[in-house]
Amino acid sequence: MRQVFALQHSLNCIAKILETQICSLVDQWSMVVNYHPIDLLRINLEGRYVGSRFDDVNNLQPMGAFDVGNVSANYDVTNRGQTYVRVDNIFDEKYEEIRLFGTPGRSIFVGLRVNYDAKP
């Protein structure tokens, strides 16, 4: 089992007239956990958190914090074919990364991938 975890703090800086800057610290983290119970099956869990922040130059338009989780699984049926299922925003979080631009709610994807370049 392979695990990846990253914690990052980012600085949002907005340049203003007179060459001054207003900066605000935004707490962010992301995490990915990959699990391979057998060679043909891969399961991925992803999580992301973005803390409260401002969306305008004067820091008057606050935006709320949010966290989003995703899960996916891939199964190699053959060396050329793979089935998959993916659920994005598994907790159906209502959030905006950019003010007034909503994001999709829970989304479910199921499918089959075929790679014609793979050797038989």
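The values are calculated or read from the model by the stated rules, or taken from the named source; none is laboratory data. The model shown is predicted, which means the values in this text are computed figures rather than measured ones. Don't worry about glycine lacking a Cβ; one is built from the backbone with ideal geometry, like all the others, and counts go over all protein chains shown.
On the basis of being loosely packed, with under 13 Cβ neighbours inside 10 Å, assigned to a strand (DSSP E or B) and in contact with a strand residue (DSSP E or B) (Cβ under 8 Å, 6 or more places away or on another chain), does Arg48 make the cut? Before the answer, list the steps.
On the way: loosely packed, with under 13 Cβ neighbours inside 10 Å: no; assigned to a strand (DSSP E or B): yes; in contact with a strand residue (DSSP E or B) (Cβ under 8 Å, 6 or more places away or on another chain): yes.
Answer is no for this residue.
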TODO: Would you check if there is a residue in the stretch 13-26 being in contact with a His (Cβ under 9 Å, 6 or more places away or on another chain), in a strand (DSSP E or B) and at pLDDT below 90?
DONE: yes
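What about Asn59, is it surrounded by 12 or more Cβ atoms within 10 Å (Cβ to Cβ) and modelled with pLDDT under 80? Before you say what the answer is, go through the steps one by one.
Details: surrounded by 12 or more Cβ atoms within 10 Å (Cβ to Cβ): yes; modelled with pLDDT under 80: yes.
In short, yes.
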Open item on the list: Which pairs turn up if I take residues in the stretch 33-56 that are over 13 Å from Ala73 (Cα atoms) and look for partners that are at pLDDT 90 or above and not small (Gly, Ala, Ser) with beta carbon separation below 6 Å, at least 6 apart in sequence or on another chain?
Closed with: Arg48/Val68; Tyr49/Asp67; Val50/Phe66
Open item on the list: Regarding the stretch 71-79, can at least one residue be identified that is at pLDDT below 90, under 21 Å from the mean Cα position of the chain (by Cα) and not aromatic (Phe, Trp, Tyr)?
Closed with: no
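Filter the stretch 51-101 for residues that are of a type in the set (Gly, Ala, Ser) and either in contact with a Ser or Thr (Cβ under 8 Å, 6 or more places away or on another chain) or assigned to a strand (DSSP E or B) (or both) and give the result. Write out each step before concluding.
Restricting attention to the stretch 51-101, the residues satisfying the condition of being of a type in the set (Gly, Ala, Ser) are 51-52, 64-65, 69, 72-73, 81.
Passing the criteria: Gly64, Ala65, Gly69, Ser72, Ala73, Gly81.
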Open item on the list: Return the residues of the stretch 82-96 that are loosely packed, with under 13 Cβ neighbours inside 10 Å and either in contact with a Pro (Cβ under 7 Å, 6 or more places away or on another chain) or among the charged types (D, E, K, R) (or both); say none if nothing qualifies.
Closed with: Asp92, Lys94
